[in-house]
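> The structure that follows is given in the form of structure tokens.
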Amino acid sequence: MICQVLCYAHLHVLFKMAMMLSLTQMIPHTHLKMTLLMKFHLHLLRSNILPKRKKVTKIVRKWKRADLTVQPIAGIVTEPPNDFFTEMRTPTDILELFLDDGVIELIVIYSNLYAASKNVNLGLTSSEFKCFLGIIFLSGYVSVLRRRMFWEQRTDAHNVLVSAAMRHDCFETIFSNLHVADNANLDPVDKFSKL
């Protein structure tokens, strides 16, 4: 009995829909067509035949005005040299204050360790890494759609400095294996150790 009522209700709706569609074919104005179709859609919603839209709940966040609790990083903070502010420096000198040979050597060691864990023979040296870093800096200055274009032979994208300094496959291998931490000895308490 319930199935018959539902079937009759659906047939009634389908019949009304067919009538509305045939009626809209005869009406030349699109505004009237849209009005009739919207009224029919409202009728379907009111008769509970079409499913109603779910209400979207808005997430309310409560912000607190407080200082962040950041743990100090263990290490030694070095003072700048005495003549740092009086002597003119080149951009390379300033970069080497932050990225000195010790930091470069750590990056080389950890990148080689990571590559070895993936069974890749990287064999990265400090001079290769400096060349890689130079290409990265240049790619920030000379914009191309893809880094691969530096090695292409087309005159509008080819860069002689980049292609003469390093092969493309060597650059991509270094790029995919670049690491600054040993994944085997990460501090479990420090959430940013992987970064």
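The values are calculated or read from the model by the stated rules, or taken from the named source; none is laboratory data. Keep in mind it's a predicted model, so treat the numbers as computed, not measured. Note: ideal-geometry Cβ built from the backbone for every residue, glycine included; neighbour counts use all protein chains shown. Quick note on the areas: whole protein, heavy atoms, side chains included, nothing else; ligands and nucleic acids left out. Shrake-Rupley method; radii C 1.70, N 1.55, O 1.52, S 1.80 Å.
> Net charge near Glu152: determine it from the other residues with C-beta under 15 Å of the C-beta of Glu152, scoring Lys and Arg +1 and Asp and Glu -1.
On the way: positive: Arg146, Arg147, Arg148, Arg154, Arg167; negative: Asp156, Asp169, Glu172.
Taking every other residue near Glu152 into account, the sum is +2.
> I'd like the accessible area for Ile94, computed on protein heavy atoms only with a 1.4 Å probe and all protein chains in place. Round to 10 Å², please.
Using a 1.4 Å probe on the heavy atoms, I get roughly 70 Å².
> May I pose another question? Suppose every Lys and Arg Cβ carries +1 and every Asp and Glu Cβ carries -1, with no other charges. What dipole size does the stretch 85-189 come out with about its Cα centre, to the nearest 20 debye? Walk me through the numbers on the way to the answer.
On the way: 8 positive and 13 negative charges, 111 e Å.
Charge dipole, the stretch 85-189, about its Cα centre: 540 debye, nearest 20.
> While we're here: Can you give the accessible area of Lys194, probe radius 1.4 Å, in Å² rounded to 10?
140 Å²
> So, one more: Over 30 Å between Cα atoms, which of Lys118/Lys191; Lys58/Lys194; Lys130/Lys194; Lys64/Lys191; Lys54/Lys191 qualify?
Working: Lys118/Lys191 24 Å; Lys58/Lys194 34 Å; Lys130/Lys194 23 Å; Lys64/Lys191 22 Å; Lys54/Lys191 38 Å.
Table pairs above 30 Å Cα-Cα are Lys58/Lys194; Lys54/Lys191.
> Hey, another quick one. Bin width 5 Å, origin at 0, all Cα-Cα pairs of the stretch 78-195: what percent of pairs per bin?
Per 5 Å bin, starting at zero, the Cα-Cα P(r) for the stretch 78-195 comes out as 2, 10, 17, 16, 16, 16, 11, 8, 3, 1, 0 percent.
> Using a 1.4 angstrom probe on the protein heavy atoms only, could you order Met166, Met88 from most to least accessible area?
On the way: Met166 10, Met88 175 Å².
Greatest to least solvent exposure: Met88, Met166.
> Continuing with the same structure: I need the phi-derived Karplus couplings for the stretch 187-193: 6.51 cos²θ - 1.76 cosθ + 1.60, θ = phi - 60°, integer Hz, Gly and Pro marked x.
Once θ is set to phi - 60°, the couplings for the stretch 187-193 become 6, x, 7, 7, 6, 9, 5 Hz.
> On the full set of protein chains, 1.4 Å probe, figure out the accessible area of Leu68 and give it in Å² to the nearest 10.
150 Å²
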